Amino acid sequence: MRQEDENIQENAQDGGREGHTVKNVLREIASWALTIAAAVILAFFLNRVVLINARIPSGSMENTIMEGDRLFGLRLAYTFTEPKRGDIVIFKYPDDETQNYVKRVVGLPGETVDIREAKVYIDGSDTPLEEDYLKEEWVKETGPYHFEIPQDCYLMLGDNRNNSWDARYWVNTYVSKEEILGKAWVRYYPLPTFGLLK
């Protein structure tokens, strides 16, 4: 009788160990599931609220940004400030808002912009805009162009003026503030070119 009692006690202890092991496994699975869920939620938040990921499909911003580059933009960059002339921005292409474009802000709300002989003039100035970011000598579609930018809109041009589909050609010439998705911030690929965008 005592032998049976001992066997029952041993079996109960074994069952307790197995139950404890199952609880540990379940606790570990739950911990991993929570970690993965938190990572997914954080990634979703960052992608929808903080960052925008962009892959550059053309050479329209060379040599500042090259075809095939990948970059992050800051969605919150213009929450409390306005885009500035010279900013590189990611925005919805005004002729087809299913596409995102990356260009440089050249004209600001309410300004007039004239392009003559490959020079940009703001509000009738006699002094052209200094554009040291241009890829090469601008020889194609050099003007004359005259733009009158509505309030709350911006004029966007590519840095590679000889090969950029930009405001000079669009049907809907101007980009509204609400179409701007973020300020281009950092190039992360290819790795040797990693760095902040200017």
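The values are calculated or read from the model by the stated rules, or taken from the named source; none is laboratory data. These figures come from a predicted structure and were not determined experimentally. Backbone-built Cβ (ideal geometry, glycine too); neighbour counts: all protein chains shown.
What to note about this one:
- Condition broken by Tyr188, with the remaining ones in (1) touching a Lys or Arg at 6+ places or on another chain (Cβ under 9 Å); (2) surrounded by 11 or more Cβ atoms within 10 Å (Cβ to Cβ); (3) without any contact (Cβ under 8 Å) to a residue 40 or more places away in the chain satisfied: (3)
- Of all residues making up the stretch 180-198, the number that are in contact with a Leu (Cβ under 6 Å, 6 or more places away or on another chain) and not β-branched (Val, Ile, Thr): 5
- Tally of residues being modelled with pLDDT of 95 or more and surrounded by 18 or more Cβ atoms within 10 Å (Cβ to Cβ) across the stretch 127-146: 2
- Exactly one residue out of Ile90, Ile36 is exposed (fewer than 13 other Cβ atoms within 10 Å of the Cβ) and either out of contact with any strand residue (DSSP E or B) (no Cβ under 7 Å at 6 or more places or on another chain) or modelled with pLDDT of 80 or more (or both), and it is Ile36.
- Count of residues meeting criterion [of a type outside the set (A, V, I, L, M, F, W, C) and surrounded by 22 or more Cβ atoms within 10 Å (Cβ to Cβ)] in the stretch 161-173: 2
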